[in-house]
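Report on the structure given below.
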Amino acid sequence: MQGFIETEEIKAETAILVGLITKNQNERKTNEYLDELQFLAETAGAVTVKRFTQKLDGPSSVTYVGKGKLEEIRAYIEAEEDAEREIGMVIFDDELSAKQLRNIERALGVKILDRTNLILDIFAMRAQTANAKTQVELAQYRYMLPRLQRLWTHLERQGGGSGSGGGKGSVGLRGPGETQLEMDRRIILNRMALLKQRLADIDRQKSIQRKNRGRLIRVALVGYTNVGKSTLINLLAKTDVFAENKLFATLDTTVRKVIIDNLPFLLADTVGFIRKLPTDLVESFKSTLDEVREADLLVHVVDVSHPDFMEQIEVVNNTLRDLGCAEKPQLLVFNKMDAYTWTEKDPDDLTPATRENVSLDELKHTWMAKMGDDCIFISARERQNIDELKELFYARVKQLHVQKYPYNDFLFEHYEQQ
């Protein structure tokens, strides 16, 4: 049985990216998705050398793109090989079916990955603890299971018909392919059952740990991947959580005790979300996301310098809704204000203003008018507005603490009778 793709195999490999422009996804949006896909590829260790896009009503069920576009990609790969610049892989921006993978591999003759496979590979590279490794392995098996047939194309499938006669062309084709597929399927299902049991055991242990944390308010940092959550927890908790300008730098939930003035609380750094996040990963990482479910306060961190931060906010909100956490109290923290850029409109330009024409001050007034005290702009890296953030944390956590633990008296130094 073919194993999983190892991270070491794709380091320094060159990659081609492929995306579709559809009725529901215009050219600008497709390019943004491909920018993110390129960032994912770089995180995994690949170098992007070319992009291909095509306008279609929707993905082809046979080859994702049209036959002409597939031939164009194949011609480019062959031309690069003739010039001794080998193309290591082609990465598609959507999840591919087993049929699509098989047909594309046959046509292009190079390694084919889709967005889900690439994210799984990055997760496998980033996983450090037994919990994260188990969750990633389970997600990989869930991804592989419906695609098993593709892994055994060198073994012919059994012909049609039944009994001794079989079907047309069935002589000599019975047995091996089907037997191997069923054997692999059984092995994977048994392994998945074992991993699920292991995760259930880990989940019980973590539940006991959470119960033993004492009478403290729990705050969870949530947000899109690479928005600065780990940098923020390092700043507030004076700790050394791994932070890097790459996607999914943090997989394991990290919980630290933070004390602001006389108020202690628990702050959790969670795995970042992303557009088109594989459902298998969400399912596998449910135990990690329990920190979000059990939090008293969610701090939604946003990269305000990202040109498409509004959609990232929506992606996170949708994921929180799927987790049943949309109604929890939230703070919206716009990070990386030091990196925010904008272009002033020409006075003679009568076209409607776009996101690029909005200054940071205008953005602040808009969001603060909308969110009130539940919104703040900071720069964790440059330590801008951190004191104001701590004051906001203190006010919100103290409010929740007094409601949840009215008889806990360690706040006596600054406690004000309501």
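The values are calculated or read from the model by the stated rules, or taken from the named source; none is laboratory data. No experiment lies behind these values; they were computed from the predicted model shown. Using ideal geometry, Cβ is built from the backbone for each residue, glycine included, and neighbour counts are taken over all protein chains shown. The area values use the complete protein model at the heavy-atom level, side chains included, leaving out ligands, DNA and RNA. Shrake-Rupley method; radii C 1.70, N 1.55, O 1.52, S 1.80 Å.
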Query raised in the report: Considering the zone a paramagnetic label at Lys50 would reach in this model (a point 7 Å from Cα along the Cα-to-Cβ line), which residues of the range 77-111 have amide N under 18 Å from it?
Result: 77-93, 104-111
Report summary line: For the pair Asn318 and Glu80, the simple spin-label estimate (label points 7 Å beyond Cα toward Cβ) gives in nm 3.0
Requested in this report: With θ set to phi - 60°, apply the Karplus curve 6.51 cos²θ - 1.76 cosθ + 1.60 along the range 69-77 and write out the HN-Hα couplings as whole Hz, x wherever there is a Gly or Pro.
Outcome: 5, 5, 5, 5, 5, 4, 5, 5, 4
Report summary line: Rounded to 0.05, the calculated FRET efficiency for the beta carbons of Asn31 and Ile208 at R₀ = 45 Å is 0.40
Report task. Keeping all protein chains in position, work out how much accessible area Ile112 exposes to a 1.4 Å probe, and write it in Å² to the nearest 10. Result -> 10
Query raised in the report: Using a 1.4 angstrom probe and counting only protein chains, how large is the accessible area of Thr343 in Å², to 10?
Result: 80
**Report entry** Cα shape, the range 41-87, gyration tensor, a/c 1.5 rule
**Finding:** oblate
Report summary line: Per the rule of 0.36 nm per residue minus the C-alpha distance, extending Glu382 to Asp348 adds in nm 8.6 nm
Requested in this report: Just reorder Arg321, Arg142 by solvent-accessible area, largest first, 1.4 Å probe, all chains present.
Outcome: Arg321, Arg142
Query - Other-chain or far-sequence residues with amide H under 5 Å of Leu331's (modelled H) - result: Leu298, Val299, His300
Requested in this report: Could you tell me which of the pairs Lys229/Lys404; Lys133/Lys229; Lys29/Lys99; Lys23/Lys229; Lys206/Lys390; Lys133/Lys370 are separated by over 32 angstrom between their Cα atoms in the structure shown?
Outcome: Lys23/Lys229; Lys133/Lys370
